[in-house]
1. Taking the mean number of other Cβ atoms within 10 Å as a proxy for protection, how do you rank 384-392, 230-238 from highest to lowest?
2. List the relative contact order of the range 277-443 as a percent without decimals, with contacts defined as Cα pairs under 8 Å and 6+ residues apart.
3. Over all directions, what mean area does the Cα convex hull of the range 269-376 project, stated in square nanometres?
4. Please report the net charge: other residues with Cβ closer than 14 Å to the Cβ of Y109, K and R +1, D and E -1.
5. With angles folded into 0 to 90 degrees, how steeply does helix 393-403 sit against the dominant principal axis of the chain? Use alpha carbons for both and round to 10.
6. Computing the accessible area with a 1.4 Å probe over protein heavy atoms, can you report the carbon and sulfur percentage for the chain?
7. Return P(r) of the chain (all Cα-Cα pairs; 20 Å bins starting at 0; whole %; ordered from short to long distances).
8. Report the Stokes-Einstein translational diffusion coefficient (µm² s⁻¹, integer) for the range 181-224, Rh taken as the Kirkwood radius over Cα pairs, at 10 °C with viscosity 1.306 mPa s.
Amino acid sequence: MMLPTAWREELWTVGGLLALVWLVGLLTGLATWLVTGGILAYLLWNLYHLRLLIRWLDRSTKQLPYSTPGIWGYVFFRVEVRRRKAASGKKQIGRLLKEFKTSTRALPYATVVLNREFNIQWLNKAATTLLGVRKSDAGQPITNLIRHPDFHQYLDAGDFDQPLPLQLLPGGDTRLSLRVVAYGQQQYLLLARDVTEQHLIELMRRDFIANASHELRTPLSVLQGSIEQLEAGIGDKPELEKPLARMKRQSQRMMFILQDLLTLARLESRHEDEQLQSVSLSALVAEVMEEVRVASEHRGGHRFHLDVAENVQAGGQREDLYAAMSNLLMNAVRYTPAGGDITVTLKRVPLGVRFEVVDTGVGILPQHLARLTERFYRVDVGRSREAGGTGLGLSIVKHVLEHYGSSLEISSWPGTGSTFAFTLPGKYLEESRSGLGADSRKAS
Ligand code: ADP
């Protein structure tokens, strides 16, 4: 039934009836009375159906209760159609919600729905197994139930881009990876999964590399000693000179790789809460430079430019900071042809202290930059080996910096040179002994 038809029919019917009543009224001389009576009757008829409609809506019975002719039949029909549509939509949403809950319940990931105050709204079975949160805890703040300080800090920071690794029970075996996803109007989904197995595999990998490197070091030292003995007694067999020199070079290379692997293993297995030492970064640069100048001399020499702030004192691990600086400087020497310029800067910046090495060396194509800190990634394997590289230097630098919440900044262009830099955050800086002046020492 179309609205214009029903409406038109109603108009025709009412108009027709009124005309009839008026005609009869003219014939009988009671036109005014009859027309007034007709309008009143029509009004009562409408009021009656309005009452029927209200009763029907109030009782919200499913069936269309009244079959009425005319416009009111149409009204009942349209309301009924809308009600049925709404009911079927509701049913569908209900069904979807049920399916979602059933599937989420079966998920091996703990899932907890939180409101904007991080109060628990809903949770699945795995949330009870992994996080110890129960259905009866609904309405409570999640922070009352997961009391780990790292978790509280994670929620307070509100930066949920990275998952949070968590060991719920100190000393316990279970390792979790937690993730918070914001959705809707400040609602949160807390997801947690058991990563104990991955953690154990990672530990095994670390231990294996550390043990293998350790075990290989002793026989390699013996080999190196024997090569030296043979070299000393070469006397009447000059034909052995070259092979022995090759053996010596290769065994040295192997020793460097083992040392770097052991350094990486140590960096990976250390604890966050390690005691910090007081380290003079200015003195550390000078110390690294001694080693670097010797290496540079062996390669024909470079022009060094130093701009090192004095008395920069930081809390950190001396050995690690030395390794980071030394690897960056040794690379500058390795990948800059003799006679090239190498500029070393240590300066205070608003965010902390910045260490920067700029060289005028071979440079690197942009597509390699993102992968340089991967283990054994080299732009040119031949050149790296020739220069005595292990392929692990930048990986060590990355690990050291991660510990301080810093990262390696690299900019480079082939033929122009490279800049490798990092900023040690201000929280590691100690009050310098002679104030915070722009006290830099320049030398070349
Ligand atoms: P390697 O022991 O091979 O130098 P690194 O991890 O220290 O290993 O560096 C990875 C690679 O990055 C190097 O092989 C080299 O190709 C490139 N690289 C590092 N530093 C520089 C630099 N200053 N100039 C040009 N290339 C560099």
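1. Working: 384-392: 17.4, 230-238: 10.0.
Descending mean neighbour count gives 384-392, 230-238.
2. Working: 319 pairs, mean separation 46.9, N = 167.
Normalised by residue count, the contact order of the range 277-443 is 28 percent.
3. Numbers: hull surface 33.1 nm².
With every direction weighted equally, the projected area is 8.3 nm².
4. Numbers: positive: R105, K125, R179, R193; negative: D194.
Counting the neighbours of Y109, the net charge comes to +3.
5. It is inclined by approximately 50 degrees.
6. Values: 15900 of 27300 Å².
The computed percentage sits at 58.
7. Each 20 Å bin holds this share of Cα pairs: 17, 30, 22, 12, 11, 6, 1, 0.
8. Working: Rh = 14.2 Å.
Estimated diffusion coefficient is 112 µm²/s.
The values are calculated or read from the model by the stated rules, or taken from the named source; none is laboratory data. Since this is a predicted model, take the numbers as computed values, not measurements. So basically every Cβ, Gly included, is an ideal-geometry build from the backbone, and we count neighbours across all protein chains shown. To get the accessible areas, we keep the full protein, side chains included, count just its heavy atoms, and leave off ligands, DNA and RNA. Shrake-Rupley method; radii C 1.70, N 1.55, O 1.52, S 1.80 Å.
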